[in-house]
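The values are calculated or read from the model by the stated rules, or taken from the named source; none is laboratory data. Since we're looking at a predicted model, the values are computed, not measured. In this analysis, Cβ positions are derived from the backbone assuming ideal geometry, glycine residues included, and neighbour counts consider all displayed protein chains. Only protein heavy atoms, including side chains, enter the accessible area calculation; ligands, DNA and RNA are left aside. Shrake-Rupley method; radii C 1.70, N 1.55, O 1.52, S 1.80 Å.
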Amino acid sequence: MPRVRVTRRVHFAAAHRLGVAEWSEERNAEVFGDCSNPLGHGHNYEMEVTVAGEVDPETGFVVDLKRLRDLVQARVVDDVDHRNLNVEVPWLEGVNPTTENLVVAIWERLEDRLPPGVRLDRIVLRETPRNHVEYTGG
C-alpha cells in the first residue's frame with residue numbers, strides 16, 4: 001500500500017516569557033531581548049501536525065482527520081490555548097518555552113497516542129508569520 005503524509009493545522013494563543021532563572025535580568029534581556037519582559041508577551045501560534053502511514057484500502061484514509069484533530073485538541077491545544085506557558089502548563093514546568101522547546105514538548109505529547117500503523121512525521125510551529133520551527137523527532 002502507498003504511504004502518505006497527512007497534515008492537520010491548528011491555532012492557539014499563548015503567552016510566555018523567555019529566560020533562564022539562574023541568570024540576571026540584564027543577561028536575560030541581552031540574550032532574549034523583548035521576549036524576556038518580566039510580564040511576558042503573547043503569540044498567535046499556528047501549528048501543522050503531519051502524520052504518515054499506509055492508506056487503508058477500505059476507508060482510503062491514513063488516519064481519520066477528526067480523530068487526529070481531537071487528539072491534538074485534547075493533548076495540546078486545550079492545555080496551552082490562552083494560557084501562560086511558563087506557569088499554567090504542567091508538562092512545560094521547568095522548560096524555557098522557546099518555540100524550539102515547545103515543539104519538542106508537543107511532539108512528546110502526541111507521538112505515542114496515534115493509531116497503530118500511523119507515525120508522527122513532522123510538526124511545524126509558527127510563532128509569528130516570519131518565525132517558525134520544524135521538528136521531525138529524535
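Mind checking whether some residue in the stretch 49-64 is open to solvent by less than 80 Å² (accessible area, probe 1.4 Å), within 14 Å of the chain's Cα centre (by Cα), of a type in the set (S, T, Y) and more than 30 Å from M1 (Cβ to Cβ)? Scanning the stretch 49-64 turns up no residue that is open to solvent by less than 80 Å² (accessible area, probe 1.4 Å), within 14 Å of the chain's Cα centre (by Cα), of a type in the set (S, T, Y) and more than 30 Å from M1 (Cβ to Cβ). Inside the stretch 7-46, residues that are in contact with a helix residue (DSSP H, G or I) (Cβ under 7 Å, 6 or more places away or on another chain), assigned to a strand (DSSP E or B) and either touching a residue at least 60 places away in the same chain (Cβ under 8 Å) or within 20 Å of V76 (Cβ to Cβ) (or both) make up a count of 4. Checking the stated criteria, A74 turns out not to satisfy the condition of being closer than 17 Å to F12 by Cα, without any contact (Cβ under 8 Å) to a residue 24 or more places away in the chain, open to solvent by less than 50 Å² (accessible area, probe 1.4 Å) and in a helix (DSSP H, G or I). For A15, the test of being crowded, with 16+ Cβ neighbours inside 10 Å, of a type in the set (G, A, S) and farther than 21 Å from V118 by Cβ is passed. Residues that are in contact with a strand residue (DSSP E or B) (Cβ under 7 Å, 6 or more places away or on another chain) and not aliphatic (A, V, I, L, M) were ranked within the stretch 47-56; the one that is farthest from V76 (Cα to Cα) is E54. With respect to the conditions (1) among the hydroxyl-bearing types (S, T, Y); (2) more than 18 Å from E127 (Cβ to Cβ); (3) touching a residue at least 60 places away in the same chain (Cβ under 8 Å), T98 falls short on a single one, namely (2). Step by step: first the residues of the stretch 79-91, then only those that are part of a helix (DSSP H, G or I) and more than 18 Å from R126 (Cα to Cα), then the one that is most open to solvent (accessible area, probe 1.4 Å). Which residue is that? Looking at residues that are part of a helix (DSSP H, G or I) and more than 18 Å from R126 (Cα to Cα), I get P90.
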